[in-house]
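Undergrad: The structure's right below; bear with me while I get my questions together.
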Ligand SMILES: NC(=O)c1ccc[n+]([C@@H]2O[C@H](COP(=O)([O-])OP(=O)(O)OC[C@H]3O[C@@H](n4cnc5c(N)ncnc54)[C@H](OP(=O)(O)O)[C@@H]3O)[C@@H](O)[C@H]2O)c1
């Protein structure tokens, strides 16, 4: 094992990930009694990485702060009181700042054992858990309800589409390329909409006159407005993000307040932020892993290869270009 490792830190607050991020090298730590040291093989790239560099996850914290979130790797050192893990075990982890680093010292309770540290297993930690917990624990739906997923061919959208289909829903998915439409068809999506080719509002008004019962919404902006207008009576919109406004910041709108859209339909908007649902991680992780092992879940990994800590700004910009498909992953050491 080397003495030092590289990680990425934000040296200034900025939604410009490349400008904020800097590679630093430091000694590989010894694990505390309840910790393990993990050699990260893969790190997951998330739309929200630019929110992290912007300091929106740790208001008041002064740079430098660590970047990244989920990773898959192998345990290389185990603390004195850790009983359930040993060196050589494959694990996935998800901690703020724990992804964009070659080695990670984490509480053993935050390292989940998996059969192999693959990109697919890694993608479950944030992308999969978000869709699974939001749809299962927060959404209020009946099996034959209509569910709309935005950014449906992305990291978390692809999970939402498949899990909603498994629950018996009719699933509509928006995306921005014909290749993504093909992926959504393969995933069982009933009505993929390429918003560059078709007007989403017109499609929804024409083909779903009774409205949409549940929206899994991560794009924001005009698409959010369209989704709110498309809600059925008693419809529910889960707002999981607004990627279209992360880089430039939320734009002010001067319109009648949101209650004018919701009250007459008894509709609701429900925020969802994964870290606040940690009590469900173990159960949903096990379920998603089982589906993956049984081939009942297809995880698309974006086909562009990013290798090494230095490649991470390219990977983040690729995700924000709108061109990525499936989960964007960076390959670190060992993989
Ligand atoms: N609340 C939570 O706990 C939680 C957890 C995970 C993810 N999320 C949210 O889920 C959303 C998706 O995140 P992800 O990490 O899985 O990313 P992703 O879907 O893999 O990538 C982002 C996708 O968003 C779509 N998009 C639409 N308009 C865009 C714009 N103006 N700029 C960039 N992308 C645009 C693009 O696909 P198309 O053009 O094909 O639509 C793009 O591929 C984000 O809002 C993220 O913050 C929330």
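Undergrad: If a residue has to be assigned to a strand (DSSP E or B) and in contact with a helix residue (DSSP H, G or I) (Cβ under 8 Å, 6 or more places away or on another chain) to count, how many in the stretch 112-137 make the cut? Don't jump to the end; show me each part of the working.
TA: The first filter runs over the stretch 112-137 and keeps only residues assigned to a strand (DSSP E or B), leaving 112-114.
Those left that are additionally in contact with a helix residue (DSSP H, G or I) (Cβ under 8 Å, 6 or more places away or on another chain): 112, 114.
Residues meeting the conditions: 2.
Undergrad: Considering only residues of the stretch 181-197 that are within 13 Å of the ligand (Cβ to nearest atom) and surrounded by 16 or more Cβ atoms within 10 Å (Cβ to Cβ), which is farthest from residue 265 (Cα to Cα)? If you could, list the steps in order and put the result at the bottom.
TA: First, the residues of the stretch 181-197 that are within 13 Å of the ligand (Cβ to nearest atom): 181-184, 189, 192-197.
After this cut, where a residue has to be surrounded by 16 or more Cβ atoms within 10 Å (Cβ to Cβ) as well, the list is 181, 183-184, 189, 192-195.
Details: 181: 31, 183: 33, 184: 30, 189: 26, 192: 26, 193: 25, 194: 27, 195: 26 Å.
Of everything passing the filter in the stretch 181-197, 183 is farthest from residue 265 (Cα to Cα).
Undergrad: Identify, from the list 200, 212, the residue that is within 13 Å of the ligand (Cβ to nearest atom) and in contact with a strand residue (DSSP E or B) (Cβ under 6 Å, 6 or more places away or on another chain).
TA: Values: 212 fails: within 13 Å of the ligand (Cβ to nearest atom).
After ruling out the rest, the residue left standing is 200.
Undergrad: If you scan the stretch 168-190, which residues turn out to be without any contact (Cβ under 8 Å) to a residue 40 or more places away in the chain and either out of contact with any helix residue (DSSP H, G or I) (no Cβ under 7 Å at 6 or more places or on another chain) or not assigned by TED's automatic domain parsing to the domain that holds residue 143 (or both)?
TA: Answer for the stretch 168-190, where residues must be without any contact (Cβ under 8 Å) to a residue 40 or more places away in the chain and either out of contact with any helix residue (DSSP H, G or I) (no Cβ under 7 Å at 6 or more places or on another chain) or not assigned by TED's automatic domain parsing to the domain that holds residue 143 (or both): 168, 170, 178, 181, 182, 185, 190.
Undergrad: Residues being surrounded by fewer than 24 Cβ atoms within 10 Å (Cβ to Cβ), touching a residue at least 24 places away in the same chain (Cβ under 8 Å), away from the ligand (no atom under 16 Å from the Cβ) and over 19 Å from residue 305 (Cβ atoms): count how many of those fall in the stretch 104-137.
TA: Qualifying residue count, the stretch 104-137: 9.
Undergrad: Still on this structure: Quick check on the stretch 42-53. Is at least one of its residues over 30 Å from residue 321 (Cβ atoms) and buried (at least 19 other Cβ atoms within 10 Å of the Cβ)? Walk me through it before giving the result.
TA: First pass over the stretch 42-53, keeping only residues over 30 Å from residue 321 (Cβ atoms): none.
Checking the stretch 42-53: not a single residue is over 30 Å from residue 321 (Cβ atoms) and buried (at least 19 other Cβ atoms within 10 Å of the Cβ).
Undergrad: For residues that are touching a helix residue (DSSP H, G or I) at 6+ places or on another chain (Cβ under 9 Å) and assigned to a strand (DSSP E or B), scanning just the stretch 138-151, find the one that is surrounded by the most Cβ atoms within 10 Å (Cβ to Cβ).
TA: Across the stretch 138-151, the extreme among qualifying residues is 149.
The values are calculated or read from the model by the stated rules, or taken from the named source; none is laboratory data. Small disclaimer: the values here were computed from a predicted structure and weren't measured. Backbone-built Cβ (ideal geometry, glycine too); neighbour counts: all protein chains shown.
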